[in-house]
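Please treat every number below as a calculation from the coordinates, not as lab data. Model, not experiment: these values are computed from the prediction. Here the Cβ is made from the backbone with ideal geometry for all residues, glycine too, and neighbour counts use every protein chain on show.
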Amino acid sequence: MKSNFLLKQKKSYFRGMKEKNLQHILVYTDFTEVGDNAVIHAVEIAKIFKKQLTVLHVIDDNTHSLFKNKKTEEKTEQKLNEISEKIKKLFTGEVHTYWEEGCACKIINSTSENLDAVMVVLGVHPKNRIQYITPKYALKKVQKSRVPFLLIPENAKDISVYSKVYLPINHLKETKESANWAAYFGRLNQTEVNFLLPTQSESGVQNNLAYGKKIFKKFELSFSEKEIKCNAIGVYVIAAKFVRTQNDGLLVIMASRKPGFLDKLFGTKELKILNSNNNFPVLTIAPREDLYVPCV
């Protein structure tokens, strides 16, 4: 496998990053318009979180095709340098670039772990563009990740949406993890958090709502409550439909812990959300015992 300087010395490179205690936002770009848009969103997130920014590209068949199989590695470095220079005009923090040749399905997550990234920002192509990262493909990355993925659909162009967060509340205990991340955005960006509640409530919903309100009040965060017509099980999908009509805001959801038979047959709730024609980013968190939870 061919490699550049960073790949040859990646162990020492990533070790140096950790020793400097440089926490990163990692963004993957495939050099398409969707990838470019993901980078723009990642710059905004790095500003909000006050973190370093690392731009990753994985050389694959699409890259070789883009550069017509001529000097692919050299042109990849040139492209990443161009992206870095554009970012530096918008962002005062440190910007790093990294590329590796192989399978994006493994390299995105391994790079995230090696960097001790806070979040991965990933542009998502429509489901019919199977040669790129589609919702189904992206969710496989989320399920294997310790940190959340900020998934940016093709039509999510507006970076001002982070001034508002929509947090659906269901009956599952994992919802507390998404509340922590909503509070993290709220504290860092003075974000208004909107609880989206099922009309058919139950004790689990009320417990999760109470937990979220307790955290937000502790940090004096602005929040509101809105009921949407659904039960606790369907709150994510209906919440996404609601957010789509608002034309603003970030949706925070938990991925399914163990997709059941029907989920595998018809698709999980998060896949249904991401397969829709969304105009907003979706922060997707995998419920894991070792999940990275920010210090809100």
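Descriptive notes on the structure:
- Cα gyration tensor shape for the stretch 5-153, rounded if a/c is under 1.5, else prolate or oblate: rounded
- Förster radius 35 Å - calculated FRET efficiency between I233 and N62, Cβ distance, rounded to 0.05: 0.40
- Here's the list of aspartates and glutamates a cross-link from K127 could span, going by alpha-carbon distance under 18 Å and ignoring same-chain residues fewer than 8 apart: D30, E33, E154, D263, E270.
- Hz values of 3J(HN,Hα) by residue in the stretch 63-77 - Karplus curve (6.51, -1.76, 1.60), Gly and Pro given as x: 5, 4, 5, 4, 9, 6, 6, 10, 6, 4, 5, 4, 6, 5, 4
- Applying the Karplus relation 6.51 cos²θ - 1.76 cosθ + 1.60 with θ = phi - 60° to the stretch 104-109 yields 3J(HN,Hα) values of 4, 4, 9, 6, 4, 6 Hz, where x marks Gly and Pro.
- Subset of K88/K157; K106/K136; K144/K176; K173/K226; K173/K214 violating a 24 Å alpha-carbon distance limit: none
- With 0.36 nm allotted per residue and the present C-alpha distance subtracted, the K272-E220 stretch has 15.3 nm of extension available.
- Antiparallel beta bridges, as assigned by DSSP with both residues in the chain, represent about 5 percent of the total such bridges.
- Per-residue Cβ neighbour rank within 10 angstrom, fewest leading, T76, T268: T268, T76
- ³J(HN,Hα) computed for each position of the stretch 270-277 - Karplus, 6.51 cos²θ - 1.76 cosθ + 1.60, integer Hz, glycine/proline x: 5, 5, 4, 5, 6, 7, 7, 7
- Sum of -39500 (n - 2.57) over DSSP H runs of 4+, divided by residues of the chain (222 nm, nearest 500): -13000 deg cm²/dmol
- Summing Cβ point charges (Lys, Arg +1; Asp, Glu -1) relative to the Cα centre of the chain gives a dipole of roughly 360 debye.
- Measuring nothing but how far apart in sequence close Cα pairs (under 8 Å, 6+ apart) lie, relative to its length, the chain scores a relative contact order of 18 percent.
- Gain upon complete extension [K176, K136; 0.36 nm per residue less C-alpha separation]: 11.9 nm
- Proximity of backbone amide H atoms, modeled 1.01 Å from N, is registered between I228 and L197, T199 at under 5 Å, excluding neighbours fewer than 5 places apart on the same chain.
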